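Everything on this sheet refers to the single structure shown next.
The values are calculated or read from the model by the stated rules, or taken from the named source; none is laboratory data. Keep in mind it's a predicted model, so treat the numbers as computed, not measured. Cβ: placed from backbone, ideal geometry, glycine included. Neighbour counts: every protein chain shown. Remember, those area values only see protein heavy atoms, side chains included, never the ligands or the DNA or RNA. Shrake-Rupley method; radii C 1.70, N 1.55, O 1.52, S 1.80 Å.
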Amino acid sequence: MKAQAPPQTSPQLNFLVAPGGYGKTWWLTAQAARLGGNRIRLDSHRLPEIEKAGLWALLSQELDALGLESPSENTAEAWIKHFSKAAVWVQIDDWHRLENQSSCLEWVQEILRCPQVPFNFTLCSRRRPDLPIAASCASGNAHYLDQEDLKWSQAQAEQEWRKAGLEWSDSALQRWQKQAGWPLGCALEIRYETGQLGESAYETLLNQAIDQLFKDLSQDWQEFMNPARLPELRRWQLAPDQWLPLWRKRLFSHLLLSAQAWLMRALQTDKSPFESQVLLERGLALCKPAEAPLRLSMLTRLAHFASLEARWSDLDQALAEAEPLLSEGYAVDKAAWYYQKANRARQLCQYQEVAQHLKALFDLRADSGAALNLQARGYILQGLSAYQQGEYAQTRRSYQQAQVLAQTEQNSQMLLELEIMLAFLDALQGQENQLPETILEQVAQEPLAAQPMMWLNLTFLRILGEHLDLKLGREILEKVRETSKALNWNFMTPLIADVEARLWRFHKSYDSALRLHEQALALLPENTFESLHARLNLALTCSRLDDKQRAIQTLEEVVKEAEQSGSFSLLREARVALQELCPESAQSKITPNRPKTLIQTPQTSSHLSIRLLGGFQIEVGEAPLTHWPRKKAKHILIQLLFHPHGMHRESLADWLSGSDDLEQALRQLDVHIHSLRKVLEPDRKGKQASEFIHFHDACYSFNWQADFFWDYQSLNEASQEWLKLRENTPDQAYLSAAKALKLYQGPLLPELDFADYWLAEREGLERKISDLVSWSVAWLCQQNRPEEAEEIADRMLSIDPCNETSFAALLEIATFRKSLGRLKRIYHQMEEAFARKWETPPPEELEMLYKRLEKKLS
């Protein structure tokens, strides 16, 4: 790999500045053979000796090997004078590695300060040295060779081709032109033409050499691209040729056609996603067939920039084109592909695929910081996938796994991001996790690209968590908008619109809310979790607009799609909202009596006893609760008990206050919920999750897994058991009926202030008790047990002296006993009871029953 030969009469100073593959080492060898004499050569292989023993000690060893003495003083000036007297000359190779060694730099700088260097000195470097060499070159005292001087001329290339036994043809000329005279590239072309290298080996070696070449030039390339240096560049371009040449079009024309060069341009931080996309597409067009790893790297980045611009079809296409290249790619690019593929599957609610791609990501042998970072982010993505599926315990575990990795890597940015995400998860489940007071300042100090998602999660925390702060939520949402706009992140636009629509709904600005809903849904692709979430949000707005039909239709679609995809975090909220609007809807039906709780809390409180039949009575442990600071806290408890699968926060606030100002109603609800929890759990600490009153997925619910007793529920369970058994096993059915009747201590919530809220439940209970009494009395009479039947009827009358079902039962029992006297006594008792309580005669149905039975006995 010969370059331009050293001149026979060269100046004392020689500088060779060119990247690898330009024959600098051959030039030094040829110079040594020509000059002979006492030569000292230093290169990067001697760097450990220099760092260990020092430069002067190493030079002393070299002089000893030449049979020469060392100077008495170890200074740069002393060594320069000594080399001049001893006729020693110096070659330094790999200066780009030695220049960071202070003693080497000091010595070379002193040599160059000499008006006339007293010995022959040659320095080689892969990068332009930061040394005062321009003046020496301009005066003619130095010989400067760069890549233009060291490259093969056409004549030299023709000579080397013929020396290898090849003809100098048009094809050979094109190969020389393709390499722009680069000696190493031309040598590889010759070896390929002579058959010493196969096509694959040739492409691999050539690409490796170009990669190294680009690394050698990258520092200068960045300086050349710096706009601040343009005036300086113009001045240098006007300078004589012997001055230090800078970047010009004639330098490495093949570099401008390098795919990797375009990749590096695309990754510059000042590029927008669109600009990066254009540059990457240019680079892809230049990729050679053997450059599969580079092509994979470009495609994964194209997919990333497509996701930032919400170009989902381009994202899918880039990932599909990249998939066949995975086996040949670098670990970091494989990690990027698996991460993006998993994230895309998460968007589409394809949770099994998410798990598969994340497993492949975690199984990778990460050999770089970037790959390790993607694996840590993979755990965050795993947590998001679990969150969408309603598996909040797994979400927390995945976030904590990411925290461990971030702490190990001392990744403060990721740690801050996870701190916010865990706080939001706590708030979503009604737990308090106080972020630092300086959290907003901390986020603002992060790099711009890290801010939008942190701001968005803080917005969610303020408006979706249990404790609302809508004013702060609005302020933070503006920061989401500003930072996303600055970054040209188009994918954030519909997410911002969806959140903003919720804020307008809270303020009763329904027209603005609907406009933002439509904007979000128009930009969000169908069949994605984000689209499902936006449609649920739209349905909640429609329900407040009294557009019940559209709300129900949208909620039924969301429930169906969420259930099919396994997106249970949305399913719960949508189903509760649908139940409130349309209890008879097939999509709102949920069969279990006691729904499984989604929040696991340790049972630390005492047993809770709730009695609503015959009066409102709550006991914690064995102590009755008599002090309720807020009466509406009772109402909330009862309302949640009668909504076994919870109530949406907005619906509960409406029901409780009836206020047109939803924001104010939500704040009042927060106060009453706090009061209720304090009454039921006086020892509960503020940051602990409530054992009895849960908040989850924007819904409040009673914790059905807690240690509690509720008379109304137990009576219902016994009644359902009776209904199931009465046809085939009436004796077992009677035991269930007796249990239910024993639990009945009177009407549901007879207190006046509760009367209107649960009238339907009260009337339903009365019908149920009537059926139980009638069936039990009839069955006991069939079993010839009239005394037990009378006991049931008498007990019901002791609770309600005008109980029509019980009087009817007693009349039937008297007839069964064939006692006309008993029948008449019961009738007179009935007349007195109705006259005393209502000042009316018995109901017509009872009068007719009595007359029929009297006639029968007569």
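Annotations for the structure displayed:
- Surface share of carbon and sulfur [accessible, 1.4 angstrom probe, percent] for the chain: 49 percent
- Here Lys742 is the anchor, and the lysines within straight C-alpha reach of less than 26 Å, apart from those fewer than 8 places off in the same chain, are Lys634, Lys724, Lys768, Lys837.
- Charge sum, other residues only, whose C-beta stays under 14 Å from Leu131's C-beta, Lys/Arg counted +1 and Asp/Glu -1: -1
- Distance between segment 725-766 and segment 604-670 - C-alpha centres, whole angstrom: 22 Å
- For the pair Lys81 and Gln268, the difference between a 0.36 nm per residue extended length and the Cα-Cα distance amounts to 62.5 nm.
- Segment Lys178-Gln407, extension gain: residue separation times 0.36 nm, minus the distance between their alpha carbons: 77.5 nm
- Accessible surface, the chain, averaged per residue in Å² (probe 1.4 Å): 47 Å²
- Counting 0.36 nm for each residue step from Lys685 to Glu619 and taking away their Cα separation leaves a gain of 21.7 nm.
- Residue-averaged [θ]222 nm for the chain, counting only DSSP H segments that reach four residues, each worth -39500 (n - 2.57): -20000 deg cm²/dmol
- Modelled spin labels at Gln434 and Glu854, positioned 7 Å past Cα toward Cβ, are 7.7 nm from each other.
- Point-to-point label distance, Glu167-Leu487, nm (Cα→Cβ direction, 7 Å offset): 6.0 nm
- Eligible lysines near Lys855 by straight Cα distance, threshold 23 Å, same-chain separation 8 or greater: Lys818, Lys824
- Each of (1) 0.96; (2) 1.05; (3) 1.51 is a candidate for Cα Rg over 2.2 N^0.38 Å; the one calculated from this structure is (3).
- Using the Cβ of Ala259 as centre and a radius below 9 Å, the other residues enclosed give a net charge of +2, where K and R count +1 and D and E count -1.
- Inter-probe distance in nm under a simple model that places probes 7 Å from Cα toward Cβ, at Ser509 and Phe362: 4.5 nm
- Percentage relative contact order, segment 711-857, counting C-alpha pairs under 8 Å, at least six apart: 15 percent
- Positive-pole candidate from Gln109, Leu35, Pro132, dipole of segment 13-150, charges at beta carbon: Leu35
- Arg822, Arg575, Arg767, ranked by accessible area, largest first (probe 1.4 Å): Arg767, Arg822, Arg575
- In order through segment 613-624: 3J(HN,Hα) via Karplus (6.51 cos²θ - 1.76 cosθ + 1.60), integer Hz, x for Gly, Pro: 8, x, x, 8, 9, 10, 10, 10, x, 10, 9, x
- For a label point 7 Å along the Cα-to-beta-carbon line of Arg762, residues of segment 607-643 with backbone N under 13 Å: 613-616
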